[in-house]
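Presented below is the structure to which this report refers.
The values are calculated or read from the model by the stated rules, or taken from the named source; none is laboratory data. What you see is a predicted model; the values in this text were computed from it and never measured. Don't worry about glycine lacking a Cβ; one is built from the backbone with ideal geometry, like all the others, and counts go over all protein chains shown.
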């Protein structure tokens, strides 16, 4: 990541965009869950979904709004393990440009 880009990322991370309850509700509806119960805490930027839901909904919402999302995992959810259910982040080391 070039230094100029790192500076942009650092600035954006320290000033995340405000998120509203209405924006979250609309986003969940767009994902096919218009009636999904949820609680938004703007002070901690945490969305809690007290119902079984696919990981992809939690992950997509977290990425879209740069927030933390807690939700109950739906039985049979095929999505792989993630940090949202307590697993460590997978780190893949870079390969050298010209392996010998």
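A few points about this structure:
- Region 1-54: number of residues that are modelled with pLDDT under 95, loosely packed, with under 14 Cβ neighbours inside 10 Å, more than 22 Å from residue 77 (Cβ to Cβ) and touching a strand residue (DSSP E or B) at 6+ places or on another chain (Cβ under 8 Å): 1
- Residue 86 meets the conditions (1) modelled with pLDDT of 65 or more; (2) within 30 Å of residue 14 (Cα to Cα) in every case but one. The failed one is (1).
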